[in-house]
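Notes follow the structure.
The values are calculated or read from the model by the stated rules, or taken from the named source; none is laboratory data. Model, not experiment: these values are computed from the prediction. Here the Cβ positions follow ideal geometry from the backbone for every residue, glycine too, while neighbour counts run over all protein chains shown. Accessible surface is based on the protein model in full, side chains and every heavy atom, while ligands, DNA and RNA are left aside. Shrake-Rupley method; radii C 1.70, N 1.55, O 1.52, S 1.80 Å.
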Amino acid sequence: MTRRVTVVGLGPGRADWCAPAVLERLSTASDLVGYGPYLDLVRASVPGRRHRSGNRVEGDRAGLALDLAEAGGDVVVVSSGDPGVFGMASAVLEQLDLRPERWQGVEVEVLPGISAAQALASRVGAPLGHDFCVISLSDVLKPWATIERRLEAAAAADFVIALYNPRSRHRPHQLADALAVIGRHRSPTTPVVVGRQVGRPGEEVAVVELARLDPTVVDMSTVVVVGSSSTRVLDRPVGASVYTPRSPGDGRVPERARA
């Protein structure tokens, strides 16, 4: 009896962006548990039984995976991107924390994946090249007041800010509200990288100025990366063009850092 739960990150969707260790675990699992569209990213030839669920039942999904493992299964819980970044890793561990008397014999491991922010950053260069933070604009699991407070703090501290879950049908105004908070601490010409369906068919990536970003073109398949005061856009005809320098000020490397 295996009695193991492995939480994996598939990456953004491209097969060649999925880690070999994740592919190996998927191929040997007895059961695959996940949100339906993410399970669809797992190739059809993977033999494990598939247990699909909706988008807002993370706790139930984690409990099912642990129960399947308790019964002897070698279970894989599927997340897109990285499972530890707004993914299922925390949901599984939370269930263990809430019910410590259960699943004592179940081994739990986490295998990383490429996050959506990393994938988008790679498409344009290195906007995450210096200090950055990741904030979800979804207020399903935390109040909007908390999100605003964190946006204010991150913007004031001059972090590059990656925004997940930026705009949905149920909260179409919140991205505009978030950009207004950030705009109190950023120049209108701050570079913003907008990526939709990165690594999947229909990928769209654009670099725009903060003041020119139209929130209505953004949806839940989009990640928005707002640059810091030092993020730069190079005037190049081809290839990567956006970066945040690791050195302070105007981006020139100090003498002591050149060795």
> Roughly to the nearest percent, how much of the accessible area of the chain is carbon and sulfur, given a 1.4 Å probe?
Replying inline: 52
>> Quick check: residue separation of Met220 and Arg184 times 0.36 nm, minus the Cα distance between them. What number comes out in nm?
In response: 10.5 nm
> What's the angle, to the nearest 10 degrees (0 to 90), between helix 88-98's Cα axis and the longest principal axis of the chain?
Replying inline: 60
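Per residue, what accessible area does the chain have, given a 1.4 Å probe and all protein chains present, in Å²?
Values: 13170 Å² over 259 residues.
Ligands and nucleic acids excluded, the figure is 51 Å² per residue.
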>> Counting only trypsin sites (Lys or Arg not before Pro) that sit in a DSSP loop (anything but H, G, I, E, B) with at most 12 other Cβ atoms within 10 Å, what is the longest stretch of the chain containing none of them?
In response: 57-168
> Is the shape of the range 1-149 rounded, prolate or oblate, going by the alpha carbon gyration tensor and its root eigenvalues a ≥ b ≥ c, with a/c under 1.5 for rounded and a/b larger than b/c for prolate?
Replying inline: oblate
> How far apart, in nm, are two points set 7 Å out from the Cα along the Cα-to-Cβ line at Ser27 and at Ala156?
Replying inline: 5.2
> Quick one: Karplus J couplings for the range 103-115, per residue in order, coefficients 6.51, -1.76, 1.60, θ = phi - 60°, nearest Hz, x for Gly and Pro?
Replying inline: 6, 4, x, 8, 7, 10, 9, 10, 10, x, x, 6, 6
> Alpha carbon centre of the range 24-62 versus the range 190-229: separation in Å?
Replying inline: 29
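Please identify the chymotrypsin sites (Phe, Trp or Tyr not before Pro) of the range 132-208 that satisfy two criteria: DSSP loop assignment and at most 12 other Cβ atoms within 10 Å. Which are they? Before the final figure, lay out the partial values.
Working: sites: Phe132, Trp144, Phe159, Tyr164; in loops: Phe159.
Passing sites in the range 132-208 do not exist.
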> Points 7 angstrom from Cα along the Cβ direction at Arg236 and Arg200: gap in nanometres?
Replying inline: 2.8
> Which angle between 0 and 90 degrees, to the nearest 10, do you get for helix 174-183 versus the longest principal axis of the chain when only C-alpha atoms count?
Replying inline: 40
